[in-house]
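What follows is calculated from the coordinates using simple rules that are stated; it is not laboratory data. Owing to the predicted nature of the structure, the values given are computational and were not obtained by experimental measurement. Note that each Cβ is placed from the backbone with ideal geometry, even for glycine, and that neighbours are counted across all protein chains shown.
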Amino acid sequence: MVADSRALNPWRRWGYRVLPGDLFSYVLHTRPAEWPIMAGHAALGYVLAVGINGVVRGAWLPQALLALFVWVICLNGGTLAINSVFDKDEGDIGYLIAPPALPKHLLAFSLVLLAGGQGLAFALPPAFRVVYAVCFVMSVLYSVPPFRFKAVAGVDWLINMWGFGTFTPYAAWAATGRTLDVGHALILLAFCPLFAGLYPLTQLYQMDEDRRRGDRTLALLLGLRTSLGIAIGSVLLAFALFVWASAVLHMTAWPLVVPLTAWLAVLLPWYRRRDGLPAVAHQRGMYRALGAWALTDVVVLLLFAR
């Protein structure tokens with residue numbers, strides 16, 4: 001049922017007791033370890049839309065909670081599950097160490113999640129329905145043959161930088177029904193190059209497996225040096241957009257130095273030592289970069305959610 005002894009941890013043992021047989025494997029292939037990351041990044045859009053005082057008052061809270069469920073569980077979970085169906089990975093994958101064997105009906109399960117989320121989206125404002133539909137289509141094109149854009153270097157990058165980077169926080173913003181102004185649009189746009197910097201990092205530790213499978217990922221096409229160089233340049237562009245947004249919104253930009261320093265503390269040493277690092281070290285680097293991403297979210301909220 002499970003891939004190796006690393007999977008026999010207390011969390012998984014509990015899950016397979018509660019959902020016996022292959023049932024818990026369905027949940028694992030939606031990669032619950034990513035749910036808090038996706039939910040936190042999406043919630044950023046909600047907090048930016050209503051402000052800290054709005055959060056305290058619970059402004060648009062039912063809509064925001066529904067949007068988070070639909071986006072994180074249905075869209076993201078369904079996307080990752082359908083990705084597992086067609087990848088057939090044998091080793092560790094993002095947010096899932098020692099993945100269990102694919103359950104028999106995982107494809108149907110993933111499509112039910114994706115389509116069910118689109119149905120639930122009709123309970124939210126039109127802008128949310130539209131952005132969900134766009135990402136629904138991108139999810140299918142990303143994973144499913146004959147398209148399988150995740151194996152087309154560059155196209156996979158574009159889909160992820162927009163889908164996760166900008167559309168995810170915008171979805172929670174759209175759930176409030178508030179019109180997007182220029183300053184906040186720049187903030188959401190900045191997450192596009194920020195994820196453009198993160199995305200190649202998620203592939204570096206899987207290069208051997210991707211090469212074996214024949215996928216032409218962005219990291220394989222660019223190589224270690226260029227992938228890390230693009231990551232550094234993309235992060236700098238993202239923070240330039242954050243600074244521009246602060247000027248438009250008449251806010252100070254100096255707190256942005258904190259997350260920018262965190263990013264550079266991860267990326268610059270990684271760039272210098274890149275060639276001698278094993279796959280597990282690249283994987284650790286990816287998770288450190290996710291920590292820098294989380295810090296960026298927190299500082300952006302403190303700075304712009306007034």
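Think of each Lys and Arg Cβ as +1 and each Asp and Glu Cβ as -1; about the Cα centre, that makes the dipole of the chain roughly 220 debye.
With the cut-off at 24 Å, report for the stretch 181-306 the share of all Cα pairs above it, as a whole percent. Result for the distance tail: 31 percent. Building the convex hull from the alpha-carbon atoms of the stretch 107-217 and averaging its projection over directions returns 7.7 nm².
With R₀ set to 35 Å, the beta-carbon distance separating Thr226 from Arg57 gives a calculated FRET efficiency near 0.15.
Got the relative contact order for the stretch 156-195 handy, in percent, Cα pairs under 8 Å and 6 or more residues apart?
Averaging sequence separation for qualifying contacts and normalising by length gives 68 percent for the stretch 156-195.
Using C-alpha pairs below 8 Å separated by at least 6 residues, the relative contact order for the chain is 20 percent. If only the Cβ of Lys and Arg carry +1 and only the Cβ of Asp and Glu carry -1, the dipole of the stretch 181-306 around its Cα centre is close to 360 debye.
Under the shape rule built on the C-alpha gyration tensor, where the axes satisfy a ≥ b ≥ c, the stretch 127-173 is oblate, since a/c reaches at least 1.5 while a/b does not exceed b/c.
Shown for Thr226, Thr252: other C-beta atoms within 10 Å of each C-beta, ranked fewest to most, produce the order Thr252, Thr226. Placing unit charges on each Cβ (+1 for Lys and Arg, -1 for Asp and Glu) gives the chain a dipole about its Cα centre, and among Val131, Trp14, Phe86 the Cα reaching farthest toward its positive end belongs to Trp14.
Label separation (Val182 vs Trp14): 5.1 nm, computed from points 7 Å beyond Cα along the C-beta direction. If R0 equals 45 Å, the separation of the Cβ atoms of Val248 and Leu107 corresponds to a calculated FRET efficiency of about 0.50. Charge dipole (Cα centre; +1 on Lys/Arg Cβ, -1 on Asp/Glu Cβ; no other charges) of the stretch 21-180 amounts to roughly 480 debye. One equal scatterer on each Cα of the stretch 1-146, no solvent, Debye formula: the resulting log10 I(q)/I(0) at q = 0.12, 0.17 Å⁻¹ is -0.55, -0.97.
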